[in-house]
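S.K.: Would you mind keeping the following structure in view while I ask a few things?
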Amino acid sequence: MANLEVNFCGVKFKNPTVLASGILGVTASSLKSVIRKGAGGVTTKSIWLKENVGHKNPTMYGTENYFLNAVGLSDAGMEKAAQETFPEYNKRKPGPIIANIVAGSIEDFGVLAEEITKCDPDIIEVNIACPNVEDSHGKPFACVAGDAAAVTRAVRARTNKPIIIKLTPNVFNIGEIAKACADAGADGFCAINTLYGMGIDINVRRPILTNKSGGLSGPGIKPAAVKAVYEVYKATKLPIIGTGGIMTGEDAIEIMMAGATLVGMGTMVYYRGAEGFGKVAKEMAEWCDKNGVKDLEEIIGCVHN
Amino acid sequence: MNIKKFDSRFEILSIAKIVQENEMTKTFVFESSIGGKPGQFLMMWIPGFDEKPMSIAFDDGKELWVTICAVGPFSQKMHELKVGDKVGVRGPLGTHYKFKAGEHLALVAGGYGAAPMYFVAHEAVKAKCKVEFLIGARNKDLLLYGQKILGLGVDLHISTDDGSAGFKGYITQVLDKVMDEKKINQVFTCGPEVMMKVVGQVAEKHGVEAYMSMEKYMKCGIGVCGQCAIDDKGDLCCKKGPVMKWSYLKKLPEMGQYHRDAQGRKHYFFKPLAK
């Protein structure tokens, strides 16, 4: 059997599959169950400094080839993470945990970085997809290289944990944004966040999501993710969690060839259940065995050679 | 690929009839079926307003009923709707009650749990099961579905907290007595979690498995958001449930203790005892 173990920012993962942020990440017991079902690691739902209510339902739905969501990053805030989620998860810790943090200001990102470090996550993932409250147009940090870098610097200054930046595909040049974050001290990236989307119920003539528009994910976005990972790898050579439309072991192998070290999956759970993590890992091992790959790390970024 | 299988968009249905069950409760009738089984739920969408999980009160392949008590903003909005108004539904979702032909069942309903239990009883009677229907409420006026249940020809047992109808006390005391006197094969229950926990204990005392309709805060209903994960196994109420068995539930530290809100924060049913 091929060795599926990978090293990401100095952290060992038994296989490259990782639960993406926002799915099954409300409680420690839910995160632990995902590891039991085969994931190499898990990412928490985005953690805010203070409670964030989120949007009203409908917040998500899927079809055979795509999925739309606008949950609105609902969360009880740092207090619950510190008092419940992390202490519970770290009791008989089953595998690496990535803490995803989100804020609307650079200052809050700094405070969050310091607070979350006390919870002892293995890695901090910075969600910069939210609008910058200090930007007059409310542009997301992720869409402006200077803003993305400023967030990275603020987080870097307050933690010694590895930090990775979650990038949005909704930009002209994702490589440029990644480079700016790398120069500001990022240790790696997660690419990609969801694309923008909207669906309308033609019988009642209204958008289906209460927030009207939302994030597009699912099988159909895989090429967008592979392209983004390719560009980020080319621009920075830093480790990447490749995520977006990954449903099978072969999808996972594909995004690793573009440059990903870990493979994030979220929407896959809709199609294959949480058991899908174990299935994808098994499919990856089968592919390796069939293709004479002894160590999975040898395929990372191989298309760049 | 089965395309419909992965389509969780809404089916838009017009309300065909509205039945006032009691002061707070209405049944919405749709002349359409979603193939729901007793114990399963659906997601109900008021376009442009909100969407909530609701139990399926009845679905016989021709008509779908959803019984809703006006307790919060969503259910109050439902109560403002008129015949002909459109809502979206998606489902059926989750697990359902299972029984074999000819079994002797005890169905224990607490308050509004009478609606889904009526559906179980209806199907069980069709399968030649013998049914003890136990229904508990705070008072006589809150007893739901009484006439409908009597129409099924089941043995009806009533309790009220104030004694205004039936036995004065808890329905679980009535269950204990019924199980002393009769050989029950399975116990099914729908009602407040704290009541269902006692139902589970009573059934266990008599060596019988109990299945119960669990209710946890749900957003997606399709196993993705993780909002309804139950401690400490982390299993999802929307997928492993809502109908789950007592021998599994009794081992969970969350059972009968707490639930979570839309942000995932814990709320205890009772104040935790000081350590």
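S.K.: Any idea how many residues of the stretch A:233-275 are assigned to a helix (DSSP H, G or I) and either more than 13 Å from every other protein chain (Cβ to nearest Cβ) or touching a strand residue (DSSP E or B) at 6+ places or on another chain (Cβ under 7 Å) (or both)?
M.R.: Residues flagged as assigned to a helix (DSSP H, G or I) and either more than 13 Å from every other protein chain (Cβ to nearest Cβ) or touching a strand residue (DSSP E or B) at 6+ places or on another chain (Cβ under 7 Å) (or both) within the stretch A:233-275 amount to 15.
S.K.: Return the residues of the stretch B:208-250 that are of a type in the set (Lys, Arg) and within 13 Å of chain A (Cβ to nearest Cβ); say none if nothing qualifies.
M.R.: B:LYS216, B:LYS219, B:LYS233, B:LYS239, B:LYS240
S.K.: Is there any pair linking a residue in the stretch B:109-133 that is surrounded by 24 or more Cβ atoms within 10 Å (Cβ to Cβ) to one that is in a helix (DSSP H, G or I) and charged (D, E, K, R), with Cβ under 8 Å and at least six apart or on different chains, and which?
M.R.: B:TYR118/B:LYS148
S.K.: Right, next: Quick one: A:ALA70 ticks every box in (1) surrounded by 22 or more Cβ atoms within 10 Å (Cβ to Cβ); (2) facing chain B (nearest Cβ under 10 Å); (3) closer than 22 Å to A:LYS212 by Cβ; (4) hydrophobic (A, V, I, L, M, F, W, C) bar one, so which box is it?
M.R.: Status for A:ALA70: all satisfied but (2).
S.K.: Being at pLDDT 95 or above, at negative phi and more than 14 Å from chain A (Cβ to nearest Cβ): is that true of B:MET24 here? Show your work before the answer.
M.R.: Details: at pLDDT 95 or above: no; at negative phi: yes; more than 14 Å from chain A (Cβ to nearest Cβ): yes.
In short, no.
S.K.: Now for a different question. Pull out all pairs, ordered by first then second residue, where Cβ-Cβ is under 6 Å, the residues are six or more apart or on different chains, the first lies in the stretch A:22-49 and is surrounded by fewer than 24 Cβ atoms within 10 Å (Cβ to Cβ), and the second is assigned to a helix (DSSP H, G or I).
M.R.: A:LYS37/A:PHE277; A:LYS37/A:GLY278; A:GLY38/A:PHE277; A:GLY38/A:GLY278; A:GLY38/A:ALA281; A:LEU49/A:MET78; A:LEU49/A:ASP108; A:LEU49/A:LEU112
S.K.: Counting only residues that are within 8 Å of chain B (Cβ to nearest Cβ) and of a type in the set (Ser, Thr, Tyr), which one in the stretch A:20-67 is farthest from the chain's Cα centre (by Cα)?
M.R.: The extreme case among them is A:THR63.
S.K.: Scan the stretch B:31-53 for residues that are over 15 Å from B:PHE74 (Cα atoms) and free of Cβ contacts under 8 Å to residues at least 40 places away in the same chain and jot them down.
M.R.: Passing the criteria: B:GLU31, B:SER32, B:SER33.
S.K.: Continuing with the same structure: With the condition kept exactly as written, say whether any residue in the stretch B:223-232 is crowded, with 20+ Cβ neighbours inside 10 Å, within 18 Å of the chain's Cα centre (by Cα) and part of a loop (DSSP other than H, G, I, E, B).
M.R.: Yes; the residues of the stretch B:223-232 include at least one that is crowded, with 20+ Cβ neighbours inside 10 Å, within 18 Å of the chain's Cα centre (by Cα) and part of a loop (DSSP other than H, G, I, E, B).
S.K.: Also: If I go through the stretch B:195-219 residue by residue, how many of them are in contact with a Phe, Trp or Tyr (Cβ under 8 Å, 6 or more places away or on another chain) and either within 26 Å of A:LEU209 (Cα to Cα) or acidic (Asp, Glu) (or both)?
M.R.: 2
S.K.: So, one more: Considering only the stretch A:162-178, state which residues are more than 12 Å from A:VAL126 (Cα to Cα) and crowded, with 20+ Cβ neighbours inside 10 Å.
M.R.: A:PRO169, A:ILE174, A:ILE177, A:ALA178 - these are the residues of the stretch A:162-178 that are more than 12 Å from A:VAL126 (Cα to Cα) and crowded, with 20+ Cβ neighbours inside 10 Å.
S.K.: A follow-up question, please. For B:LYS52, only one of the following conditions fails: (1) at pLDDT 95 or above; (2) part of a helix (DSSP H, G or I). What is its number?
M.R.: (2)
S.K.: Between B:LYS62, B:LYS26, which is part of a strand (DSSP E or B) and over 22 Å from A:VAL204 (Cα atoms)?
M.R.: B:LYS26
S.K.: Does A:GLU5 satisfy being more than 22 Å from A:GLY278 (Cβ to Cβ) and either within 10 Å of chain B (Cβ to nearest Cβ) or out of contact with any helix residue (DSSP H, G or I) (no Cβ under 7 Å at 6 or more places or on another chain) (or both)?
M.R.: No, not satisfied.
Condition check ((1) closer than 15 Å to B:GLY111 by Cα; (2) at pLDDT below 95) across all residues:
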residue: B:GLY146; (1), (2): yes, yes
residue: B:ILE149; (1), (2): yes, yes
residue: B:GLY166; (1), (2): yes, yes
residue: B:ILE171; (1), (2): yes, no
residue: B:ASP176; (1), (2): no, no
residue: B:GLU181; (1), (2): no, no
residue: B:ASN185; (1), (2): no, no
residue: B:PHE188; (1), (2): yes, no
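S.K.: Select from the stretch B:96-108 the residues that are buried (at least 21 other Cβ atoms within 10 Å of the Cβ) and over 19 Å from B:GLN173 (Cα atoms) and list them in ascending order.
M.R.: B:TYR97
The values are calculated or read from the model by the stated rules, or taken from the named source; none is laboratory data. All values derive from a computational prediction rather than experimental measurement. Counting neighbours? That spans all protein chains shown, and the Cβs are built from the backbone with ideal geometry, glycine included.
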